[in-house]
1. Quick one: in region 1-13, which of the residues that are loosely packed, with under 11 Cβ neighbours inside 10 Å and not small (Gly, Ala, Ser) is nearest to ASP73 (Cα to Cα)?
2. If I ask for residues that are under 20 Å from VAL5 (Cβ atoms), under 12 Å from the mean Cα position of the chain (by Cα) and not in a strand (DSSP E or B), which ones from region 41-67 would you list?
3. Quick check on this structure: which one of ASP28, ASP3 is farther than 15 Å from ALA64 by Cα, in contact with a Leu (Cβ under 9 Å, 6 or more places away or on another chain) and either in a strand (DSSP E or B) or modelled with pLDDT under 90 (or both)?
4. What pairs come up if the first residue lies in region 2-29 and is under 10 Å from TRP52 (Cβ atoms), the second is modelled with pLDDT of 95 or more and part of a loop (DSSP other than H, G, I, E, B), and their beta carbons are under 9 Å apart, counting only those six or more places apart or on different chains?
5. For region 46-58, how many residues meet the condition of being in contact with a strand residue (DSSP E or B) (Cβ under 7 Å, 6 or more places away or on another chain) and modelled with pLDDT under 95?
6. Which residue, of VAL38, VAL27, is within 11 Å of the chain's Cα centre (by Cα) and surrounded by 10 or more Cβ atoms within 10 Å (Cβ to Cβ)?
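The values are calculated or read from the model by the stated rules, or taken from the named source; none is laboratory data. Note that the structure is a prediction, hence the values are computed from the model and not measured. Positions of Cβ are generated from backbone atoms using ideal geometry, with glycine treated the same way; all protein chains shown enter the neighbour counts.
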Amino acid sequence: MSDFVYPCYSCGAVLRPADIVVRTVKVDRREDVSGEKVEQWLVGEWFHAKCWDHFGGPPFDEVARGPLSEVQDQA
């Protein structure tokens, strides 16, 4: 596990290694000048799973869920 500190984007509390968390990507959806729909995935935010279940959604998409120590290893 790394030495990074991850705050929950929703409640602001620090995520602990055993906390069930959600890692997200920020999805930028728009139309270009030709009218074609463009989707770009950007760096997202981290949430406690309970916070995500209540407040999560656009512009974020869930990409991983589980204990922080395991989700970090998947990144």
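1. The initial filter retains those residues of region 1-13 that are loosely packed, with under 11 Cβ neighbours inside 10 Å, namely 1-5, 12.
Subset that is not small (Gly, Ala, Ser): 1, 3-5.
On the way: MET1: 7, ASP3: 13, PHE4: 12, VAL5: 14 Å.
Among those that are loosely packed, with under 11 Cβ neighbours inside 10 Å and not small (Gly, Ala, Ser), it is MET1.
2. ALA49, CYS51, TRP52 - these are the residues of region 41-67 that are under 20 Å from VAL5 (Cβ atoms), under 12 Å from the mean Cα position of the chain (by Cα) and not in a strand (DSSP E or B).
3. Working: ASP3 fails: in contact with a Leu (Cβ under 9 Å, 6 or more places away or on another chain).
Step by step, each of ASP28, ASP3 is checked, and only ASP28 is farther than 15 Å from ALA64 by Cα, in contact with a Leu (Cβ under 9 Å, 6 or more places away or on another chain) and either in a strand (DSSP E or B) or modelled with pLDDT under 90 (or both).
4. Final answer for the pair search is CYS8/LEU15; CYS8/ASP19; VAL21/CYS8; VAL21/LEU15; THR24/TYR9.
5. First pass over region 46-58, keeping only residues in contact with a strand residue (DSSP E or B) (Cβ under 7 Å, 6 or more places away or on another chain): 46-49, 52, 56.
Subsequent filtering for residues that are modelled with pLDDT under 95 retains 56.
Qualifying residue count, region 46-58: 1.
6. On the way: VAL38 fails: within 11 Å of the chain's Cα centre (by Cα).
Being within 11 Å of the chain's Cα centre (by Cα) and surrounded by 10 or more Cβ atoms within 10 Å (Cβ to Cβ) holds for just one of VAL38, VAL27, which is VAL27.
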